[in-house]
1. Taking interchain pairs and intrachain pairs at least six residues apart, which have beta carbon atoms under 6 angstrom, with the first residue in segment 36-48 and under 26 Å from residue 60 (Cβ atoms) and modelled with pLDDT of 95 or more and the second of a type in the set (Gly, Ala, Ser) and more than 11 Å from ligand 2 (Cβ to nearest atom)?
2. What is the one condition in (1) away from ligand 2 (no atom under 16 Å from the Cβ); (2) closer than 22 Å to residue 178 by Cα; (3) not hydrophobic (A, V, I, L, M, F, W, C) that residue 119 does not satisfy?
3. Please note which helices (runs of 4 or more DSSP H) are completely contained in segment 108-201 and include at least 3 residues that are among the hydroxyl-bearing types (Ser, Thr, Tyr), more than 12 Å from the chain's Cα centre (by Cα) and near ligand 1 (Cβ under 9 Å from one of its atoms).
4. Restricting the search to segment 1-36, which residues are of a type in the set (Gly, Ala, Ser), assigned to a helix (DSSP H, G or I) and within 15 Å of ligand 1 (Cβ to nearest atom)?
5. Across segment 157-216, what is the number of residues that are of a type in the set (Asp, Glu) and within 18 Å of residue 28 (Cβ to Cβ)?
6. Restricting to segment 180-207, name every residue that is crowded, with 23+ Cβ neighbours inside 10 Å and within 20 Å of residue 65 (Cα to Cα).
7. Among (1) modelled with pLDDT under 95; (2) in a helix (DSSP H, G or I), which single condition is residue 60 missing?
Amino acid sequence: MAPPLKIAPSILASDFSRLGEEIHDVIRAGADWIHVDVMDGHFTPNITIGPPVVASLRKHSEVPLDVHLMITDPDFYVKPFADAGADLISFHVEAAYHPHRVIGKIKDAGCKAGIVLNPGTSQEDIDYLTEAVDFVLVMTVNPGFGGQAFIPDMLRKITKIRAMIGPEKDLEVDGGIDDVTAAQVVQAGANVLVAGSYIYRSDDYAEAITSLRATV
Ligand code: DX5
Ligand code: ZN
C-alpha cells in the first residue's frame, strides 16, 4: 500500500514566457503539486531558475510548490527557497555533505523535506535518512533535462525504497513518466508522479493528467 496518488507537473517543460498561465492551466487540469526544477550548472549540466522565480510562482499557485534542488551545497539555498514560498524542498544525497543538517534546516523553515537519489545511487545511501525525511524522490532519468527516456532498472529500486520507508510516506518519481511508465512505477510502490513533457507537450493537460491517474 502507498498514500494516495498525486500528480506533479514539472514546469521545466512549460512555456517559460507564460509561466503564470501554464501553472493555472495544469492546476485547473487537476495537478496536485507543482514541481519546480532548480539546476545550478554544477551538479547538473543545465541552469534553470532561482528563488525570485519561485516567489512569483507562489502568487499563481494554490497547490503546494514542490521544489527539487539539483544543486551542490543545498544547505545555503534552503532558506531563500523556503522564504520564496516553497512547500516541499528536496535535495540530492549526492550533493550534500551533511544531509541530516539540511533536512533539519528544511523542517525548521516550515517545509516538508525530501531526499533524492540519482539513478546510479543505491537505496542504501539513504538508509540512515528514511526516518528523518518526509518523502523520497527517485530519479528515473539522470537529472538535467526534460524529455529523457525512463530507466527500467529503477523499478527495483522503487520497490526496495517503498519497503524501507513503509506505507505512509510519499515516494515520488521523476523522469520519463508517461501513461505506460506511470503504471509500472505505481505498481512498484511510487505514489507521486512528476511529469514534464508528457503533460506540457500534450494538447489537453486534463486528459494527460487523467491518463496518469488511470494507472491505479
Ligand atoms: C530532470 C527533472 C525532471 C524533468 C522531468 O532533471 O528533474 O523534473 O522535468 O521531465 P520529463 O517528465 O519530461 O522526463
Ligand atoms: Zn525534478
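1. Partner pairs satisfying both residue conditions: 47/41.
2. (1)
3. Working: elements: 154-165, 179-188, 197-200.
Once the helices (runs of 4 or more DSSP H) in segment 108-201 are filtered for at least 3 residues that are among the hydroxyl-bearing types (Ser, Thr, Tyr), more than 12 Å from the chain's Cα centre (by Cα) and near ligand 1 (Cβ under 9 Å from one of its atoms), what remains is 197-200.
4. 13
5. Total meeting the criteria: 3.
6. 190, 192, 193, 194, 195, 196, 198, 199
7. Condition not satisfied by residue 60: (2).
Yes or no, residue by residue, for (1) surrounded by fewer than 21 Cβ atoms within 10 Å (Cβ to Cβ); (2) in contact with a Lys or Arg (Cβ under 6 Å, 6 or more places away or on another chain):
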| site | (1), (2) |
| --- | --- |
| 102 | no, no |
| 113 | no, yes |
| 116 | no, no |
| 123 | yes, yes |
| 128 | yes, no |
| 140 | no, no |
| 148 | yes, no |
| 152 | yes, no |
| 167 | yes, no |
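The values are calculated or read from the model by the stated rules, or taken from the named source; none is laboratory data. Everything numeric here is computed off the predicted structure, so don't read it as measured data. Cβ: placed from backbone, ideal geometry, glycine included. Neighbour counts: every protein chain shown.
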